[in-house]
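The values are calculated or read from the model by the stated rules, or taken from the named source; none is laboratory data. Just so it is clear, the structure is predicted and the values come from calculations on it, not from any experiment. As a convention, Cβ positions derive from the backbone with ideal geometry for all residues, glycine included, and neighbour counts pool all protein chains shown.
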């Protein structure tokens, strides 16, 4: 088990080593570790070496000039100038919250960015100001639309954070696929099969091979197949792609730049970098915040107390398992798998940082 | 086959018979028939008698005073005054589009309303103004959250309509469950089983009984079960419920008023009527509309031309089958099932209208 503060400090040093300012490096490290704390291990320190490799390929600018290039009272478009998404996203959320103070809401589409870690972190920034926060991003094309053999969409996550009173806040944060890629990687390591409905093979046929995506297959949109509503997951992933990348001018669909540095950037790009979309709504732009939060507490406690089906202990509220995990891991530390530890050692050696 | 204009006129006469103004009755009839035209038969004239029954129970006000009760530059809350949702929704979209002209976007939460027909109709209103339109609504509690035996959510649909250039627009419109209730009703009539993952029985156990919901069971959130991501469908349905009803002050979760008039209204209501949520974003609040629409055409044609899996003809764009259906049914007419025809005759007799 690794102490999260030490891990965070290590990440900060790595980000400073690639040229980030101390402020940006702290921010990026905090976002990254928040994934490990909340139990989304695939998006935390396990990805640190990936960001460094992108920097080595000159695909990340450690000293970006993140700026608003167009705006109305309730919208903006931001050019992230090839920043780490981990740095661009929270800065854009700050802009959105400031603009929402006046206009009631604010919606910002971002181009020329990179992978931004977990969407939930960014959405949750709005909570302390009694605002609803939303964050989404497009991503490397690994997902086939319903009936498609080709991979045209990313796992394109959506996060929505909603303030509550005494209860823990409502935080939805999910990929628009049946399953996140990280869960497949776990099965690969264990040499286990995937359940039906998670992936298809390179010929577009259903398969339980957990390595199918690596072998040219694809993740499936939420729903899995047409009978179970995969066209709805395809709709959701598409909306995230369009809001994040077509609205901003980033690379969309199959032209989204891949996260892994060994894959080439798309030929004939249709936009710049990866795209994100953020939304912020002031609660009191609709009704008094205290009144709303009382009703949210009522909503949450009603759902929590629903009678569970046989074999299950209780009905969970979105965000509840992650909040519990965060409390536990802050106390007991973060478990890391051997390949992740190896990667961190590689980085420590490379930059001469103590681990 | 029934001519859609004659059907629409019949619906208009029925709405006028319950006391709607000619203008409101025309609007309601147009919204209702748009469902039949687009192939969403469960939400069209098949529901006409249901609205009349709600009016008989004094749950619909045919002469509503639909008004904004709170607003900021980019938001509003509307009290629909027990209006037909079919009338309230398009009027609220008009308010949203007007406010978005100045603020860039507008987001309106509506309380004290009723069933609004198909979400897609309302979202699509924004298209002609080069705006993105969104519409969602909560609904009668027929859906069990993941791990819940109880029904706490409605099928809570989401519609997103996005303008394009030469291609038909992108129109996503889907219930946040594996399947809409209407599809189960079709299976019941045919005496066929439902696929696994659509419903659970009254004890919360998976079942293929297509009548399970009528027998105290529940529809399942998109994903079907935990392994296939039903917690994501549960998140989506919850967000729709909260945006539509907790933000506005309508009845949320299990307190949402049921559509069928024979079920009682919830005891100790937590809000007024049903809730909706609408959003409108001006394209040029982000980038020039022509530029955006060119890229949308490129997005659509790339997805359309994706190589299909074996046994399928092509990859569909959200909204494409509905657009094709509309063209066909405008020409050839709308097919109606015998029980629907019987209901329409009942209404014709009741109000002395020629069918």
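Within segment A:52-59, is there a residue that is in contact with a strand residue (DSSP E or B) (Cβ under 7 Å, 6 or more places away or on another chain) and farther than 19 Å from residue A:5 by Cβ?
Looking for residues that are in contact with a strand residue (DSSP E or B) (Cβ under 7 Å, 6 or more places away or on another chain) and farther than 19 Å from residue A:5 by Cβ, one finds none in segment A:52-59, hence no.
Could you run through segment A:145-162 and say how many residues are in contact with a helix residue (DSSP H, G or I) (Cβ under 9 Å, 6 or more places away or on another chain) and either free of Cβ contacts under 8 Å to residues at least 24 places away in the same chain or more than 20 Å from residue B:237 (Cβ to Cβ) (or both)?
Residues in segment A:145-162 being in contact with a helix residue (DSSP H, G or I) (Cβ under 9 Å, 6 or more places away or on another chain) and either free of Cβ contacts under 8 Å to residues at least 24 places away in the same chain or more than 20 Å from residue B:237 (Cβ to Cβ) (or both): 10 in total.
Of the numbered conditions (1) more than 14 Å from chain B (Cβ to nearest Cβ); (2) in contact with a helix residue (DSSP H, G or I) (Cβ under 9 Å, 6 or more places away or on another chain); (3) modelled with pLDDT of 95 or more, residue A:58 fails exactly one; give the number of that condition.
Answer for residue A:58: the failing condition is (2).
Kindly establish whether residue A:164 is more than 24 Å from residue B:145 (Cα to Cα), within 11 Å of another protein chain (Cβ to nearest Cβ) and in contact with a strand residue (DSSP E or B) (Cβ under 7 Å, 6 or more places away or on another chain).
No; evaluated as a whole, the condition is false for this residue.
Among the residues of segment A:177-185, are any part of a helix (DSSP H, G or I) and within 11 Å of chain B (Cβ to nearest Cβ)?
Yes, segment A:177-185 contains at least one residue that is part of a helix (DSSP H, G or I) and within 11 Å of chain B (Cβ to nearest Cβ).
Among (1) over 17 Å from residue A:42 (Cβ atoms); (2) more than 17 Å from the chain's Cα centre (by Cα); (3) within 13 Å of chain B (Cβ to nearest Cβ); (4) crowded, with 21+ Cβ neighbours inside 10 Å, there is one condition residue A:203 misses while meeting the rest; what is its number?
Failed condition: (4).
Of the conditions (1) surrounded by 24 or more Cβ atoms within 10 Å (Cβ to Cβ); (2) free of Cβ contacts under 8 Å to residues at least 12 places away in the same chain, residue B:186 fails just one. Which one is it?
Residue B:186 satisfies all of (1) surrounded by 24 or more Cβ atoms within 10 Å (Cβ to Cβ); (2) free of Cβ contacts under 8 Å to residues at least 12 places away in the same chain except (1).
Out of the residues in segment B:295-311 that are within 9 Å of chain A (Cβ to nearest Cβ) and in a helix (DSSP H, G or I), which is nearest to residue A:218 (Cα to Cα)?
B:303
I'd like the full set of residues that are assigned to a helix (DSSP H, G or I) and crowded, with 24+ Cβ neighbours inside 10 Å, limited to segment B:6-23.
B:11, B:14, B:15 - these are the residues of segment B:6-23 that are assigned to a helix (DSSP H, G or I) and crowded, with 24+ Cβ neighbours inside 10 Å.
Can you name every residue in segment A:163-175 that is assigned to a strand (DSSP E or B) and touching a helix residue (DSSP H, G or I) at 6+ places or on another chain (Cβ under 6 Å)?
A:171, A:172, A:173, A:174
Six or more apart or on different chains, Cβ atoms under 8 Å: show the pairs whose first residue is in segment B:102-119 and under 16 Å from residue B:162 (Cα atoms) and whose second is at pLDDT below 95.
none
Could you count how many residues in segment B:272-293 are surrounded by fewer than 22 Cβ atoms within 10 Å (Cβ to Cβ), at the interface with chain A (Cβ under 10 Å from one of its Cβ atoms) and either at positive phi or assigned to a helix (DSSP H, G or I) (or both)?
Residues flagged as surrounded by fewer than 22 Cβ atoms within 10 Å (Cβ to Cβ), at the interface with chain A (Cβ under 10 Å from one of its Cβ atoms) and either at positive phi or assigned to a helix (DSSP H, G or I) (or both) within segment B:272-293 amount to 3.
Every residue in segment A:312-335 that is touching a strand residue (DSSP E or B) at 6+ places or on another chain (Cβ under 7 Å) and either at pLDDT below 95 or within 11 Å of chain B (Cβ to nearest Cβ) (or both), please.
A:314, A:315, A:317, A:318, A:319
Name every residue in segment B:312-355 that is part of a helix (DSSP H, G or I), more than 21 Å from the chain's Cα centre (by Cα) and within 30 Å of residue B:296 (Cα to Cα), in order of residue number.
Residues satisfying the conditions are B:328, B:331.
Is it true that residue A:214 is touching a helix residue (DSSP H, G or I) at 6+ places or on another chain (Cβ under 9 Å), more than 8 Å from every other protein chain (Cβ to nearest Cβ) and under 30 Å from residue A:132 (Cα atoms)?
no
Which condition breaks for residue A:254 when tested against (1) facing chain B (nearest Cβ under 10 Å); (2) in a loop (DSSP other than H, G, I, E, B); (3) farther than 27 Å from residue B:199 by Cα; (4) under 22 Å from the mean Cα position of the chain (by Cα)?
Single failed check for residue A:254: (2).
Taking segment B:106-140, which residues are more than 15 Å from the chain's Cα centre (by Cα) and surrounded by fewer than 24 Cβ atoms within 10 Å (Cβ to Cβ)?
B:127, B:128, B:129, B:130
Of the residues A:223, A:233, only one is in a helix (DSSP H, G or I), at the interface with chain B (Cβ under 9 Å from one of its Cβ atoms) and crowded, with 24+ Cβ neighbours inside 10 Å; which?
On inspection, the qualifying residue turns out to be A:233.
Is it fair to say residue B:249 is closer than 30 Å to residue A:163 by Cβ, at the interface with chain A (Cβ under 10 Å from one of its Cβ atoms), in contact with a strand residue (DSSP E or B) (Cβ under 6 Å, 6 or more places away or on another chain) and not in a helix (DSSP H, G or I)?
yes
Name the residue, out of A:247, A:336, A:265, that is buried (at least 24 other Cβ atoms within 10 Å of the Cβ) and closer than 30 Å to residue A:55 by Cβ.
Step by step, each of A:247, A:336, A:265 is checked, and only A:247 is buried (at least 24 other Cβ atoms within 10 Å of the Cβ) and closer than 30 Å to residue A:55 by Cβ.
Evaluate the following for residue A:80: is it touching a residue at least 24 places away in the same chain (Cβ under 8 Å) and within 30 Å of residue B:289 (Cβ to Cβ)?
Yes, satisfied.
Does residue B:48 meet the test of being assigned to a helix (DSSP H, G or I), away from chain A (no Cβ under 12 Å) and more than 16 Å from the chain's Cα centre (by Cα)?
So residue B:48 does not fit the description; no.
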